[in-house]
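The values are calculated or read from the model by the stated rules, or taken from the named source; none is laboratory data. Nothing here was measured: the structure is a model prediction, and the numbers come from that model. FYI the Cβ positions are ideal-geometry reconstructions off the backbone, even for glycines, and counts take in every protein chain you see. Accessible surface areas use protein heavy atoms only, side chains included; no ligands, DNA or RNA. Shrake-Rupley method; radii C 1.70, N 1.55, O 1.52, S 1.80 Å.
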Amino acid sequence: QRVQLVLDSLEPLKAIREQLRVGREGNPVVRFAERDPAAITLDGRLQDAFWQQVPTHELNDVTTGERVRNRSRFQVAWAGDSLYFAIHCEEESMGSLVTPATRDGDNTIFDGDSVELLLETATHAYYQLSIDPQGHVNDLDRPGAPMLGRTGPYDTKWNAGVEVATHRG
C-alpha cells in the first residue's frame, strides 16, 4: 500500500515531465565550468583568464537550426556563489541598435535589441532576465507560467540581484 501511495503521488509529475520535454529535443546540453571568482573582471570584454578554456556554445536560428549571419555565442561559468554568463553578439550595424530603455526595470527593453535569459528550475516555471546593449536589465519572476514561451503571471518586483557589464566593439 505504501508503494502504491508513492506511485500514485508520482502520477501528476508525468504530465509535468512531458510539458518540460516539449521543444527541447535536439537542444545542446550545456555544462558550466567552475572558476575562481577573484579571476574575473566584470567589464563586458570577455578577455580575462576567467573565460579561457570555458566551452563556447553558438546559438542558431530557432526555426531552421541553421547558423545565422550575425552570430551569437555564450559561455557559462560558476564561481563562488554566483553563476556567470558571457554572451557575445555580432552586429554589423552597431549604429542601428535600438535601445529604448532608460533604466533598469523599464519594459520598453522588449521593444529594442536585447538578450534574454530564461532560467527554468525543476520546481519553478522560470525567471526572465533581459539585458540591452546599454546594460539595462529587466528581471521578471514567472512563477505561474504554464510553459516556457507562454504568457502567464509574473512578478515585476522580484530582483535577481544581477550585475551586468556590456561592451560595444
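For Ile87, the test of being in a helix (DSSP H, G or I), among the aliphatic types (A, V, I, L, M) and at pLDDT 90 or above is failed. Scanning the stretch 20-36 for any residue that is open to solvent by 90 Å² or more (accessible area, probe 1.4 Å), aliphatic (A, V, I, L, M) and at pLDDT below 90 turns up at least one such residue.
List every residue pair whose Cβ atoms sit under 7 Å apart, with the two residues 6 or more apart in sequence or on different chains, where the first one lies in the stretch 68-86 and is in contact (Cβ under 8 Å) with a residue 12 or more places away in the chain and farther than 13 Å from Leu117 by Cβ and the second, anywhere, is among the acidic types (Asp, Glu) and surrounded by 13 or more Cβ atoms within 10 Å (Cβ to Cβ). Filtered contacts from the stretch 68-86: Asn70/Glu91. Per the conditions (1) under 28 Å from Trp158 (Cβ atoms); (2) within 15 Å of the chain's Cα centre (by Cα); (3) in a strand (DSSP E or B), the sole criterion not satisfied by Glu34 is (2). Quick check on the stretch 52-65. Is at least one of its residues assigned to a strand (DSSP E or B), free of Cβ contacts under 8 Å to residues at least 60 places away in the same chain and β-branched (Val, Ile, Thr)? Checking the stretch 52-65: not a single residue is assigned to a strand (DSSP E or B), free of Cβ contacts under 8 Å to residues at least 60 places away in the same chain and β-branched (Val, Ile, Thr).
Taken over the stretch 90-128, the criterion of being surrounded by fewer than 19 Cβ atoms within 10 Å (Cβ to Cβ) and assigned to a strand (DSSP E or B) is satisfied by Val115, Glu116, Leu117, Leu118, Leu119. Scan the stretch 116-153 for residues that are out of contact with any Leu (no Cβ under 9 Å at 6 or more places or on another chain) and modelled with pLDDT under 95 and the total you get is 12.
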